[in-house]
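Here is the structure we will look at.
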Amino acid sequence: SFACAGCGGCCRGREDIVLSGFDLWRIAARLRLPPRTVARAFCRGSIGRVSRLPVLRLAPLKEERGNCPFLTGNHCAIHDAEPLVCALYPLAQEITKDAQVSYFLQPIQCGGQVIAARVGDYLARYDVPAREATDVRWAQVCMELEDTVERLEALFEPVFARRMQEKLWQALYYRYDFAKEYRPQLEENLLWLDGELKKLEGMQMRHRIIEKSDR
C-alpha cells in the first residue's frame, strides 16, 4: 500500500542513486548529449570495492542540500528518462545469476493517500516491465565481469589495471550513441571489450617475459 505524494522527498539528500549503463544512455538520449558529457556534468564515478567494476552515481548538489541534480522544485526534470532506482521507489529490485527477478519494499517515511495495488500494476505504471529484460542483461554482464576483473587484477601490474578500468568505463557507460538503440550497442561493446582485455593480457604476459630475460 503506497501512493506518491509528489513531495520530492526521495530526491533529497541522496548519494545512493546508482546508474546502469542503460540509465545513463536514457538520460543522454533525453538531454541529447553524449553519455560521457552527462556523466561528467551530473554524476560521480568510482570503482566498486567488491565488484571492482565502474560505479556511476548521480552527484547530489552541495548548494542544494544534497538534492538530486535533476530535482526542480518538487519535480524531476527528466521524469520520462528517470533511473530505475527512481522508477521503482519505494520498491527495490534484485536479480540473480540465473535471471530471476524479485522486488521488495524499502523502508519509507513518505507517501500520500494510501491505496492498495498489486506489485505488477505498480511496476507497469512506471514502465518497469518494458525495460526488465535489459536490466537483467546488465546485471548478468556485471556479474560475469566481476569474475573476469578479479582474475585480471591479480595478473596485471598497475599500469595495465588502469588501462583495463578505462576499457570497462567505455564498454559499460561511454561508448554509446544516444541516437541508436541501446541493447545492440551493449552487445557490440562487450565483444570489443573482450578483445581489448585479451590484448592487455597479452601485453602483460609479454612484458613479464621481457622483464625475466633482462634479469
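The values are calculated or read from the model by the stated rules, or taken from the named source; none is laboratory data. Quick caveat: nothing in here was measured; it's all calculated off a predicted structure. A quick note on method: Cβ atoms are made from the backbone with ideal geometry, for glycine too, and the neighbour counts reach across all protein chains shown. When the accessible area is computed, the model is the full protein with side chains, heavy atoms only, and any ligands, DNA or RNA have been set aside. Shrake-Rupley method; radii C 1.70, N 1.55, O 1.52, S 1.80 Å.
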Exercise. Which number in (1) at pLDDT 95 or above; (2) among the basic types (Lys, Arg); (3) surrounded by 15 or more Cβ atoms within 10 Å (Cβ to Cβ) marks the one condition that Arg40 misses?
Worked result: (3)
Problem set entry | Any strands (runs of 3 or more DSSP E) falling wholly within the range 13-132 and containing at least 1 residues that are free of Cβ contacts under 8 Å to residues at least 12 places away in the same chain and closer than 30 Å to Met164 by Cα | 43-47, 91-95
Exercise. How many of the residues in the range 158-204 are open to solvent by 50 Å² or more (accessible area, probe 1.4 Å) and not in a helix (DSSP H, G or I)?
Worked result: 5
Exercise. Applying the selection to the range 122-144, what residues are more than 30 Å from Leu53 (Cβ to Cβ) and open to solvent by 80 Å² or more (accessible area, probe 1.4 Å)?
Worked result: Arg125
Seminar exercise, completed: Among residues of the range 145-157 being open to solvent by less than 80 Å² (accessible area, probe 1.4 Å) and not aliphatic (A, V, I, L, M), the residue farthest from Gly202 (Cα to Cα) is Glu146
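Filter the range 62-95 down to the residues that are among the polar types (S, T, N, Q) and in contact with a strand residue (DSSP E or B) (Cβ under 8 Å, 6 or more places away or on another chain), then identify the one that is farthest from Gly120 (Cα to Cα). Give the steps one after another, and end with the answer.
Residues of the range 62-95 among the polar types (S, T, N, Q): 67, 72, 74, 93.
Keeping just the survivors that are in contact with a strand residue (DSSP E or B) (Cβ under 8 Å, 6 or more places away or on another chain) gives 67, 93.
Details: Asn67: 29, Gln93: 13 Å.
Out of the qualifying residues, it is Asn67.
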Seminar exercise, completed: Across the range 82-98, the tally of residues that are surrounded by 12 or more Cβ atoms within 10 Å (Cβ to Cβ) and out of contact with any Phe, Trp or Tyr (no Cβ under 7 Å at 6 or more places or on another chain) stands at 9
Problem set entry | Residue match in the range 46-53 (condition: surrounded by 15 or more Cβ atoms within 10 Å (Cβ to Cβ) and out of contact with any Cys (no Cβ under 9 Å at 6 or more places or on another chain)) | yes
For this session: Considering (1) open to solvent by less than 20 Å² (accessible area, probe 1.4 Å); (2) within 13 Å of the chain's Cα centre (by Cα); (3) over 19 Å from Ala179 (Cα atoms), say which one Asp16 fails and leave the rest.
Result: (1)
Problem set entry | Near pairs, Cβ below 9 angstrom, 6+ apart or cross-chain, from the range 172-194 (free of Cβ contacts under 8 Å to residues at least 24 places away in the same chain and farther than 22 Å from Arg52 by Cβ) to any residue that is part of a helix (DSSP H, G or I) and open to solvent by 50 Å² or more (accessible area, probe 1.4 Å) | Glu187/Arg137
Problem set entry | Of all residues in the range 66-79 being over 15 Å from Leu19 (Cα atoms) and not hydroxyl-bearing (Ser, Thr, Tyr), the one that is surrounded by the fewest Cβ atoms within 10 Å (Cβ to Cβ) | Gly73
Exercise. Here are some conditions: (1) touching a helix residue (DSSP H, G or I) at 6+ places or on another chain (Cβ under 8 Å); (2) closer than 17 Å to Trp25 by Cβ; (3) not hydrophobic (A, V, I, L, M, F, W, C). Asn67 meets all but one. Which one does it not meet?
Worked result: (2)
For this session: Report whether or not Cys110 is closer than 29 Å to Ala59 by Cβ, crowded, with 16+ Cβ neighbours inside 10 Å and touching a Cys at 6+ places or on another chain (Cβ under 9 Å).
Result: no
